[in-house]
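Below: the structure, in structure tokens.
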Amino acid sequence: MKLGVFVSDFELTNDTLDRVGPDGVILVANGVYHAALKTGGNASPLLGKYSSLYALSDDLETRGIDPSTVDSKVKVVDYSGLVDVIFNDFEKIAWL
């Protein structure tokens with residue numbers, strides 16, 4: 001079973017994701033900060049753990065983040081692309 005997890009919080013602890021063990025992460029709402037912000041010069045630890053990472057372009061733009069500046073590990077998708085990801089890449093979806 002391929003599990004995708006929506007992450008909508010920037011302060012999310014990695015322990016939660018480690019217990020769930022997703023195959024991919026979809027960054028939405030404040031979760032998109034993981035794709036662009038660096039804390040102490042380091043990228044979010046979340047980016048090094050998952051090979052399938054997505055960020056919703058509208059949520060990036062709403063927060064003043066240029067989609068072209070996100071980490072190269074993250075694929076930026078619009079709503080149509082998000083629907084494709086949900087239905088084509090994962091069998092189950094969870095929201096944290």
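In this structure, S80 does not satisfy being part of a loop (DSSP other than H, G, I, E, B), out of contact with any strand residue (DSSP E or B) (no Cβ under 9 Å at 6 or more places or on another chain) and among the hydroxyl-bearing types (S, T, Y).
If the condition is being touching a helix residue (DSSP H, G or I) at 6+ places or on another chain (Cβ under 8 Å) and assigned to a helix (DSSP H, G or I), then the range 63-77 contributes P67, T69. One residue stands out among those in the range 68-96 that are among the aliphatic types (A, V, I, L, M) and touching a Phe, Trp or Tyr at 6+ places or on another chain (Cβ under 8 Å): the one that is nearest to A43 (Cα to Cα), which is V74. Quickly run through the range 26-67 and pick out the residues that are surrounded by 13 or more Cβ atoms within 10 Å (Cβ to Cβ), hydroxyl-bearing (S, T, Y) and either over 19 Å from D84 (Cβ atoms) or in contact with a Phe, Trp or Tyr (Cβ under 9 Å, 6 or more places away or on another chain) (or both). The answer is Y33, S44, S52, S57.
Is it the case that V85 is β-branched (V, I, T) and not in a helix (DSSP H, G or I)?
no
All of the numbers you see were taken from the coordinates with simple rules; none came from a lab. These numbers come from a predicted model, not from an experiment. Neighbour counts are summed over all protein chains in view; Cβ atoms, including those assigned to glycine, are modelled from backbone coordinates with ideal geometry.
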